[in-house]
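K.L.:
Once you've had a glance at the structure underneath, I'll fire off some questions.
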Amino acid sequence: MTITETDKKYIAHTYNRFPVELVSGRGSRFTDTAGKEYIDLGSGIGVTAFGTGDEEWKRAVTEQLDKLQHTSNLYYTEPCARLAELICTRTGMSRVFFSNSGAEANECAIKAARKYAAEHKGPDYYTIVTLKNSFHGRTLTTLAATGQDGFHKLFAPLTPGFAYADANDLEGTVALARGVKAAGIMIECVQGEGGVLPLSADYVKGLYDFCQAEDIILMADEVQTGNGRTGRLYAYENFGIKPDLFSTAKGLGGGLPIGATVLGEKLADIFSFGDQGSTFGGNPVASAGAYSILSRIDEALLASVREKSAYIFGELTGAPGVKSVSGLGLMIGILPEKPARQVVTECLEGGVLCLTAKEKVRLLPALNIPFDDLKTAVAVLKSALAD
Ligand SMILES: *Cc1c(COP(=O)(O)O)cnc(C)c1O
């Protein structure tokens, strides 16, 4: 059997894969089993921040592998301690809980908000307000947090204690949060899976002020937007706010699984022994790789992300076959005239890998994609959009 046949026979049919078998890659290029090369504008859904096989990341990971690969959280190890220090010093946050995925990082965020509200306001204050059209993960609780009915319908009953507000409707969100006695409000500053839609700056600032005034935990889900993706280290920085906590994953690990729930001052001591745990969380190999990634997302790289973003927006805005372009940094959604999946399929044939989000073509290239590769890929994308 071919790889595709074996996969179809033995892997649960949860993914509608594209007909390509990738075998190797370097930087922003992949090679398939037939030897065909692709330029990658998806970075494994915003994960390989420095592309495939990045040398420094590989060195950090393999050097750590030579020392030890796992200890459990019963003992201290350097990589996760140093990574937590780096995250906190770069963001002004106070403490980190490490897990292995975005959904787990959000689970921990929800636990933190609920515990804080229970301790400071009382047992009725457990509801988390999220936004319609949001995406927060696939576990039953983060599915409940996800404000899209389509994800819910087959899996009831979900975890109770979630309410959904209209994005960018400040008055409505405030009224809902008060009405349900919200423990916290969770937002994606740019809704990713929902169609690459940045929230309005006034709305985010308004939520921040409201949460501060009423001691409601403001949570930024930075799973997709974090780690340089939007042209700032974390997307909330674009909005001039600082949440009480943020969660992140995807790009942080550079390709190995890691999730982080990053707690601000208010929540620094929210967890006591036994409140939360993870067997793999803070794994030394994943943490060493993440340290190598995060330590290189500096001002120069962020400036180049914004520059590449401006290039893509410039090329695609108003281009033939393009209804609109949205997003921030290297997180870009293109509303095509023809179906998004058809555009992505034509790009694939032309040697370019793109993603979709709802009815849009979504681009999440590696932060360090070479300009030449980006130009070649955008030209292929433009012709797929046009004809
Ligand atoms: C991908 C994503 C998640 C879920 O992350 P997993 O690692 O797949 O669990 C949560 N929130 C947002 C905003 C995401 O984009």
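K.L.:
Suppose we keep only residues that are more than 15 Å from the ligand (Cβ to nearest atom) and on the phi < 0 side of the Ramachandran plot within the range 213-231. Which one would you say is most open to solvent (accessible area, probe 1.4 Å)?
P.N.:
Filtering first and then ranking leaves 213.
K.L.:
Given the structure, is residue 285 open to solvent by 10 Å² or more (accessible area, probe 1.4 Å) and either closer than 23 Å to residue 22 by Cβ or under 17 Å from the mean Cα position of the chain (by Cα) (or both)?
P.N.:
Spelling it out, residue 285 is indeed open to solvent by 10 Å² or more (accessible area, probe 1.4 Å) and either closer than 23 Å to residue 22 by Cβ or under 17 Å from the mean Cα position of the chain (by Cα) (or both).
K.L.:
Does residue 87 satisfy the criteria of being of a type in the set (Val, Ile, Thr), touching a residue at least 60 places away in the same chain (Cβ under 8 Å) and either away from the ligand (no atom under 16 Å from the Cβ) or assigned by TED's automatic domain parsing to the domain that holds residue 225 (or both)?
P.N.:
Taking the combined requirement at face value, the residue satisfies it.
K.L.:
Counting only residues that are assigned to a strand (DSSP E or B) and touching a Ser or Thr at 6+ places or on another chain (Cβ under 7 Å), which one in the range 31-53 is surrounded by the fewest Cβ atoms within 10 Å (Cβ to Cβ)?
P.N.:
My answer is 37.
K.L.:
Still on this structure, please answer the following. Which one of the conditions (1) surrounded by 15 or more Cβ atoms within 10 Å (Cβ to Cβ); (2) assigned to a loop (DSSP other than H, G, I, E, B) does residue 19 fail to meet, given that it meets all the rest?
P.N.:
Result: residue 19 fails condition (1) only.
K.L.:
Here is a further query. Looking at the structure I just gave you, is residue 157 outside the structural domain of residue 357 (by TED's automatic domain parsing), away from the ligand (no atom under 16 Å from the Cβ) and closer than 30 Å to residue 94 by Cβ?
P.N.:
no
K.L.:
Go through the range 113-128 and report how many residues are surrounded by 16 or more Cβ atoms within 10 Å (Cβ to Cβ) and away from the ligand (no atom under 16 Å from the Cβ).
P.N.:
8
K.L.:
Next up: Which number in (1) within 13 Å of the ligand (Cβ to nearest atom); (2) in a strand (DSSP E or B); (3) touching a residue at least 60 places away in the same chain (Cβ under 8 Å) marks the one condition that residue 184 misses?
P.N.:
Tallying (1) within 13 Å of the ligand (Cβ to nearest atom); (2) in a strand (DSSP E or B); (3) touching a residue at least 60 places away in the same chain (Cβ under 8 Å), residue 184 fails exactly one: (1).
K.L.:
Tally up the residues in the range 287-312 that are under 30 Å from residue 70 (Cα atoms) and touching a residue at least 60 places away in the same chain (Cβ under 8 Å), please.
P.N.:
Final tally of qualifying residues: 11.
K.L.:
Tally the residues that are touching a Phe, Trp or Tyr at 6+ places or on another chain (Cβ under 7 Å) and within 14 Å of residue 293 (Cβ to Cβ), restricting the search to the range 81-94.
P.N.:
Result for the range 81-94: 3.
The values are calculated or read from the model by the stated rules, or taken from the named source; none is laboratory data. This is a predicted model, so every value here is computed, not measured. Here Cβ is always computed from backbone atoms with ideal geometry, including for glycine, and neighbour counts include all displayed protein chains. Accessible surface areas use protein heavy atoms only, side chains included; no ligands, DNA or RNA. Shrake-Rupley method; radii C 1.70, N 1.55, O 1.52, S 1.80 Å.
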